[in-house]
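Structure first, then comments.
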Amino acid sequence: MDNDVDKFYRELPKVELHAHLNGSVSFQTMEKLIARKKHLGIERSMTAIRNDQRRTLDECFQVFKVIHQLVDTEEDILMVAKDVIREFADDGVRYLELRSTPREEKNTGLTKTKYVETILEAIQQCKNEGVDIDVRFLVAVDRRNGTEVAIETVKLAEEFMLTTDGLVVGVDLSGDPTVGHGRDLFPALEKAKNGGLKLALHLSEVPSQLEESELLLNLPPDRIGHGTFLHPEVGGSQILVDKVVKNNIPLELCLTSNVVGQTVPCYSKHHFQYWYHLGHPSVICTDDKGVFCTDLSHEYQLAASTFGLSHEAIWKLSQEAIDCTFAPETLKQQLKQKWNELRPHVCQ
Ligand code: 5GP
């Protein structure tokens with residue numbers, strides 16, 4: 001990771017809304033996992049991509065397969081989740097929505113229910129230990145696994161939403177965007193929405209998803225991940241943009257991830273520019289801070305240096321992200337108060 005981040009961005013209180021658990025595992029945690037599982041022969045270079053390197057999206061997805069081999073027990077998940085939460089807190093993130101795909105591992109006896117329970121336990125332990133961050137969880141539906149698994153995952157999310165006192169707030173749709181079609185997942189996502197879960201959907205991450213995006217925007221989702229190819233300048237359409245604007249659906253934007261994964265040619269051409277200039281709610285996020293060797297302070301600094309944003313503009317961006325969270329109104333108010341209290345110190 002680039003440690004050359006100005007004090008302002010480190011101290012800036014931040015909201016992280018798009019972080020995949022297994023993509024967020026840091027170098028230090030990865031070392032511990034590799035040491036635990038030497039027999040797998042996994043090297044550090046197989047679990048992360050330096051942010052000056054470029055990969056195809058497919059190569060990026062291969063990295064997750066390697067990480068999943070290293071994270072396959074309750075013990076691993078607890079350690080990984082606690083480390084990730086602490087690292088976000090250390091980076092000045094005050095509210096985090098973490099997302100992850102429940103996995104079962106026959107070899108270790110891990111079940112999908114245990115998987116989610118363990119992440120929630122990690123959130124609770126961090127809270128008990130006084131880590132200065134509010135964390136909520138989104139249960140991820142992997143689009144590669146089709147209709148039945150999507151429905152099963154939504155049921156799991158509903159059960160946890162009802163029993164965890166607001167820790168589970170929604171459902172994410174992710175996984176390789178070149179595989180599967182949203183029409184097969186629509187019923188599960190609609191059921192989630194009707195049941196009170198918020199929807200954060202990866203949409204138009206690759207150019208070929210116009211029809212799918214048009215369909216899924218009818219739900220409508222509560223937030224959009226990436227949305228790289230929604231606007232007409234890159235082959236999307238004004239109809240899609242109008243739907244997003246009309247429903248005021250915030251976008252979760254991940255600069256380094258998109259440039260390293262080459263869905264965006266360079267930072268200056270990132271679609272942050274398009275949406276930000278429309279005045280549309282746009283939230284800077286990391287996506288996979290471990291895999292892409294970044295952190296949220298770095299992403300904010302990158303947005304500022306690429307698009308010429310002042311400290312004042314960056315502060316506003318970070319503060320406005322609070323309204324894009326799936327937190328209850330009371331917590332949003334508390335976060336806004338925290339931002340107000342920190343402002344004189346950070347913006348001096
Ligand atoms: P996990 O769900 O295992 O905690 O995190 C890794 C998973 O998140 C990946 O296997 C993939 O399904 C999803 N993921 C991570 N980054 C991206 C991304 O940039 N795009 C999409 N579509 N999915 C992602």
What is the distance, in nm, between label points placed 7 Å from the Cα along the Cα-to-Cβ direction at residue 334 and at residue 208? 4.6
About its Cα centre, how strong a charge dipole does the chain have in debye, to the nearest 20, once Lys and Arg get +1 and Asp and Glu get -1 at the Cβ? 80
Given the DSSP H assignment, sum -39500 (n - 2.57) over each helix run of at least 4 residues in the chain and divide by its residue total; what's the result at 222 nm in deg cm²/dmol, nearest 500? -14000 deg cm²/dmol
How are the C-alpha pair distances of the range 48-191 spread across 5 Å bins, as whole percents from the shortest bin up? 2, 9, 17, 19, 21, 18, 11, 4, 0
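Taking 0.36 nm per residue of sequence separation and subtracting the Cα-Cα distance, how much length would be gained by fully extending the chain between residue 27 and residue 165, in nm to one decimal?
On the way: separation 138, 0.36 × 138 = 49.68 nm, distance 3.26 nm.
Stretched out fully, the residue 27 to residue 165 stretch lengthens by 46.4 nm.
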With label points built 7 Å along Cα→Cβ from the Cα atoms of residue 246 and residue 75, find their separation and express it in nm. 5.5
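Using a 1.4 Å probe, what is the accessible area per residue for the chain, in Å²?
41
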Against the empirical 2.2 N^0.38 Å scaling, what ratio does the C-alpha Rg of the range 50-111 come to? 1.35
Kirkwood Rh (inverse of mean 1/r, distinct Cα pairs), the range 154-225, angstrom: 12.6
Using alpha carbon centroids, what distance separates the range 270-302 and the range 1-53, in Å? 17
Per-residue HN-Hα couplings for the range 225-236 [Karplus 6.51, -1.76, 1.60; θ = phi - 60°; Hz; x = Gly/Pro]: x, 6, x, 4, 10, 7, 8, x, 4, 10, x, x
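Ignoring ligands, DNA and RNA, what percent of the accessible area of the chain is carbon or sulfur (1.4 Å)?
On the way: 7070 of 14380 Å².
For the chain, the apolar C and S fraction of the accessible surface comes to 49 percent.
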For the range 140-273, alpha-carbon Rg over 2.2 N^0.38 Å: 1.05
Where does the charge balance sit around residue 343 when Lys and Arg score +1, Asp and Glu -1, over other residues with C-beta under 12 Å from its C-beta? 0
Given 37 °C and 0.692 mPa s, compute D for the chain with the Stokes-Einstein relation, Rh being the Kirkwood radius over Cα pairs; round to the nearest whole µm²/s. 163
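Looking at the chain only, what percent of DSSP beta bridges run antiparallel? Nearest 5 please. Write down the numbers at each step before the final one.
On the way: 1 of 32 bridges.
Beta bridges within the chain, antiparallel portion: roughly 5 percent.
The values are calculated or read from the model by the stated rules, or taken from the named source; none is laboratory data. Keep in mind it's a predicted model, so treat the numbers as computed, not measured. So basically every Cβ, Gly included, is an ideal-geometry build from the backbone, and we count neighbours across all protein chains shown. Heavy atoms of the whole protein, side chains included, go into the accessibility calculation; ligands, DNA and RNA do not. Shrake-Rupley method; radii C 1.70, N 1.55, O 1.52, S 1.80 Å.
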